[in-house]
1. Looking at 252, 271, 275, which is the one that is at pLDDT 95 or above, crowded, with 22+ Cβ neighbours inside 10 Å and under 25 Å from residue 154 (Cβ atoms)?
2. Identify the single condition in (1) open to solvent by less than 50 Å² (accessible area, probe 1.4 Å); (2) in contact with a Ser or Thr (Cβ under 7 Å, 6 or more places away or on another chain); (3) in a helix (DSSP H, G or I) that residue 243 does not satisfy, given that it satisfies every other one.
3. Based on this model, can you work out whether residue 158 counts as crowded, with 18+ Cβ neighbours inside 10 Å, at pLDDT 95 or above and not basic (Lys, Arg)?
4. Given the residues 126, 193, 144, 132, which is the only one that is surrounded by fewer than 23 Cβ atoms within 10 Å (Cβ to Cβ), at negative phi, among the aliphatic types (A, V, I, L, M) and part of a helix (DSSP H, G or I)?
5. Tally time: how many residues in the range 242-266 are touching a residue at least 24 places away in the same chain (Cβ under 8 Å) and more than 11 Å from the chain's Cα centre (by Cα)?
6. Could you say whether any residue in the range 83-91 is of a type outside the set (Asp, Glu), assigned to a strand (DSSP E or B), in contact (Cβ under 8 Å) with a residue 24 or more places away in the chain and within 23 Å of residue 230 (Cβ to Cβ)?
7. When the range 215-232 is examined, which residues are found to be open to solvent by 30 Å² or more (accessible area, probe 1.4 Å) and part of a helix (DSSP H, G or I)?
8. Looking only at the range 49-56, decide whether some residue is in contact with a helix residue (DSSP H, G or I) (Cβ under 8 Å, 6 or more places away or on another chain) and either modelled with pLDDT under 95 or open to solvent by 60 Å² or more (accessible area, probe 1.4 Å) (or both).
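The values are calculated or read from the model by the stated rules, or taken from the named source; none is laboratory data. Owing to the predicted nature of the structure, the values given are computational and were not obtained by experimental measurement. We place every Cβ from the backbone using ideal geometry, glycine too, and count neighbours over all the protein chains shown. Calculation scope for accessible area: heavy atoms of the full protein, side chains included, ligands and nucleic acids excluded. Shrake-Rupley method; radii C 1.70, N 1.55, O 1.52, S 1.80 Å.
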Amino acid sequence: MAAFIACYVGLQRDPQPHQVPIAVTGPSLPGEVQEALGSAIEVHPAADATTARHALEHHDVVAVLSAETPDHLSLKFAGAAGTSTTSAVSDLVNAYAHGAGMHVAAEDVIPLAKHDARGLAGFYVAFGVSLAGFVLGSNVLGLAGVMRLRHRLLLLTGASVAIGIVGAILVGPVLGAAPAPLIPLMLILALLAASAAFTTTLLGTLLGPIGLPITTLVLLTVGNATSGAVIGADLLPAGARAISALLPPGAAVRAIADLSYYGGSHLVTPAITLALWAIVAGGVLALRPRLARRRATAG
């Protein structure tokens, strides 16, 4: 309870932008904007509008700032980056423009899906799939005395695939909240379910009754609170920002957004993160009896 309240309420108390990546065009504007806004943003100087737009469409930056005339700025942003991030960027740019005596024309060039107006679909589907994986792993723990290990591993794998398929179909074609290609989305959600299920089973096996509370704390509470969906990753405190992409929910949220809005341009890293969680936990589960027999023989 304390962890849940601290994470979900505490992280939303006063989110502050930290090195939010923005592409800025022009010979002098990048330096002026960086000097004025400091560490709140990370300026990516762009040679021209085409280069800047390419960076925005590939999620290398969250906004593009350029000077249309000496007293007018153009801000093009990706609404898909999340309302907290885009609001922070708009506020920063407006503050700079006000100080410089300029006007800003803003345009959302990568908007969120029609049925995900608040940009929370990724969070909810990641939370739901993580929870399903946790419940699956918890239930498989109770089957240790009646089912062989290989059958339990097959059950975890098959059920994780089923969870991924159902979750992707619901959030995609049925609800229209994640405009991602269906097959890759199924794969990402299946990996998320598998990482939660195998990790839950492993920690419950190794640590006994305390394993499930630890899994709840790490995956469901901290993992989902720091995923970067409710509060953009660039607005999280340093500690939360450091672990955000390393935990399965954060990796899944990034993958869902990348598939939905950025053509999968940065999909490899979160997919590898999810796969490693599932493979390492599953591998340790599979090898544990063999290692135990070796220790018994050596003893």
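1. 252
2. Residue 243 satisfies every listed condition except (1).
3. So residue 158 does not fit the description; no.
4. Sole residue among the options that is surrounded by fewer than 23 Cβ atoms within 10 Å (Cβ to Cβ), at negative phi, among the aliphatic types (A, V, I, L, M) and part of a helix (DSSP H, G or I): 132.
5. Number of matching residues: 8.
6. Within the range 83-91, not a single residue is of a type outside the set (Asp, Glu), assigned to a strand (DSSP E or B), in contact (Cβ under 8 Å) with a residue 24 or more places away in the chain and within 23 Å of residue 230 (Cβ to Cβ).
7. If the condition is that a residue be open to solvent by 30 Å² or more (accessible area, probe 1.4 Å) and part of a helix (DSSP H, G or I), then 216, 217, 218, 222 are the ones that fit.
8. Among the residues of the range 49-56, not one is in contact with a helix residue (DSSP H, G or I) (Cβ under 8 Å, 6 or more places away or on another chain) and either modelled with pLDDT under 95 or open to solvent by 60 Å² or more (accessible area, probe 1.4 Å) (or both), which makes the answer no.
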